[in-house]
Amino acid sequence: MSVLYCGIDEAGYGPMLGPLVVGLAMFRVEAWDPGDPAPDLWERLAPAVCKTAREAGDRIAVGDSKRLKLPNDSRSHHPCTHLERAVLTTLAMRGDHPADDASLLTAMGEILPSQPWYAGDPVPLPLDRPPGALRIDANLLASACETAGVAAAGLRVRLVPEDTFNEVVRGTGSKAATTAGPVAELLRAAADASDGPVRIVCDRQSGRLDYEDIVARAFPGEAVELDARTQRSSRYLVREGRVAIHFETAAEDRHLPTALASMAAKLVRELMMARLNRHFTARLPGLRPTAGYVQDARRWLADARGVLTDDERKALVRIA
């Protein structure tokens, strides 16, 4: 029997500026039976993948995006080199070869936000790795997948721009609610992608233990069963147990699909922040770019004060 093994994770929950992005990665894995533990895809795909940048070389690093993104002042490679390598290689295995950041969003089922600071010319891809090297990576990963009985089944993102983020916070009084909609949408997409067993692992948010509202939102009118709850994990069953949904702490360290979802979300957020910085630097040459996190965002807002209108500042700043 096969299982559709999926991961969901976000990037950009904490910053003051820029979008929140939620990613979904799906793999079909053969030789799996209900009751078996989650497949270890790092082990199955070891000839082609690894967990850390230090191990990367001929192999593709797939892991926690926060660890795999290089510092912004990196001189040896683009800060997103590992992120784009894993994401573009996975898409290439499915026949998608996005030439720029806008077509990357299209390949993952999303579009550019409508805010003017996300407009402008497309950013060519890849940012760092030569196209020929990506083709070699794709062939290597495809060979490892074929040997291991694994197939890339999809890579998607959902992007929450600042106005939507603020609208949700105002309407619910909760920052946590900003992820509920996109996570529920991606849970449903993963469950609908297979008629067989589906296992979805979501990275858990802080100390939250109860996710029944998000699961119920993904499957309106369907029965949701709490199967287990511990300090580390909450597990729900839907569709008579065919679909199991886990919310786990540090899930990207134990589940390759969750790690890849994290990398896709992080890459998209970084590309959107590059657009934002390019837009405002064109209006104020010499303005130092920002990653959007609170302390540096405050510095950036102060530096950009002379070119920001009150309406722009209000639209740019996330309220929680």
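Please treat every number below as a calculation from the coordinates, not as lab data. A quick note: this is a predicted structure, and the numbers were derived from the prediction, not measured. Reconstructed Cβ throughout: ideal geometry from the backbone, glycine too, with neighbour counts over all protein chains shown.
For Lys175, go through the lysines and keep the ones whose alpha-carbon is under 18 Å away, minus same-chain ones fewer than eight residues off.
Lys314
If exposed means no more than 11 neighbouring beta carbons inside 10 Å and the site is in a DSSP loop, what's the longest run of the chain without any exposed trypsin sites (Lys or Arg not before Pro)? Don't skip to the end; give the middle numbers.
Numbers: sites that count: Arg54, Arg75, Arg208, Arg305.
With trypsin sites (Lys or Arg not before Pro) excluded where exposed in loops, the chain gives 76-207 as its longest stretch.
Using alpha carbons only, how many degrees (0 to 90, rounded to 10) separate the axis of helix 162-172 from the longest principal axis of the chain?
Between the helix axis and the principal axis of the chain, the angle is about 70 degrees.
What nm distance separates the two modelled labels at Tyr293 and Ala177, each placed 7 Å from Cα along Cα→Cβ?
It works out to 2.8 nm between the two label points.
Using a basic spin-label model with each label point 7 Å from the Cα along Cα→Cβ, how many nm lie between Glu212 and Arg239?
Result: 2.2 nm between the two label points.
Using Cα atoms only, what is the angle between the long axis of helix 81-93 and the major principal axis of the chain, expressed in degrees (0 to 90) to the nearest 10?
In the chain, helix 81-93 runs at an angle near 50 degrees to the longest axis.
Under a straight-distance cross-link criterion of Cα-Cα below 21 Å, which lysines are reachable from Lys51, leaving out those fewer than 8 residues away in the same chain?
Straight-distance partners of Lys51: Lys66, Lys69, Lys266.
Given R₀ = 25 Å, what would the calculated FRET efficiency be for Asp96 paired with Thr147, taking r from the Cβ atoms and rounding to 0.05? List each step's numbers first, then the result.
Working: r = 23 Å, r/R0 = 0.90.
So, using R0 = 25 Å, E works out to roughly 0.65.
Kindly write out, for the range 132-149 in residue order, the coupling ³J(HN,Hα) from the Karplus curve 6.51 cos²θ - 1.76 cosθ + 1.60 (θ = phi - 60°), rounded to whole Hz, with x marking Gly and Pro.
Whole-Hz 3J(HN,Hα) from phi for the range 132-149: x, 5, 5, 5, 5, 4, 5, 5, 5, 5, 4, 5, 5, 5, 4, 5, 8, x.
So what's the back-of-envelope 222 nm ellipticity for the chain, counting only DSSP H runs of four-plus at -39500 (n - 2.57) apiece and dividing by all residues, rounded to 500?
Values: 11 runs with 125 residues, N = 320.
After summing the helix terms and dividing by residue count, I get -12000 deg cm²/dmol.
Only one of the values (i) 20.2; (ii) 19.3; (iii) 21.2 was calculated from this structure for Kirkwood radius over Cα pairs in Å; name its label.
Here the calculated entry is (i).
Hey, got a sec? Which GluC sites (Glu not before Pro) in the range 200-258 land in a DSSP loop and have at most 15 other Cβ atoms within 10 Å?
Details: sites: Glu212, Glu222, Glu225, Glu240, Glu248, Glu252; in loops: Glu222, Glu240.
Taking the range 200-258 and a limit of 15 other Cβ atoms within 10 Å, the loop GluC sites (Glu not before Pro) found are Glu222, Glu240.
Tell me, what is the FRET efficiency for Arg305 and Arg232 to the nearest 0.05, using R0 = 56 angstrom and their Cβ-Cβ distance as r?
On the way: r = 45 Å, r/R0 = 0.80.
So the FRET efficiency works out to roughly 0.80.
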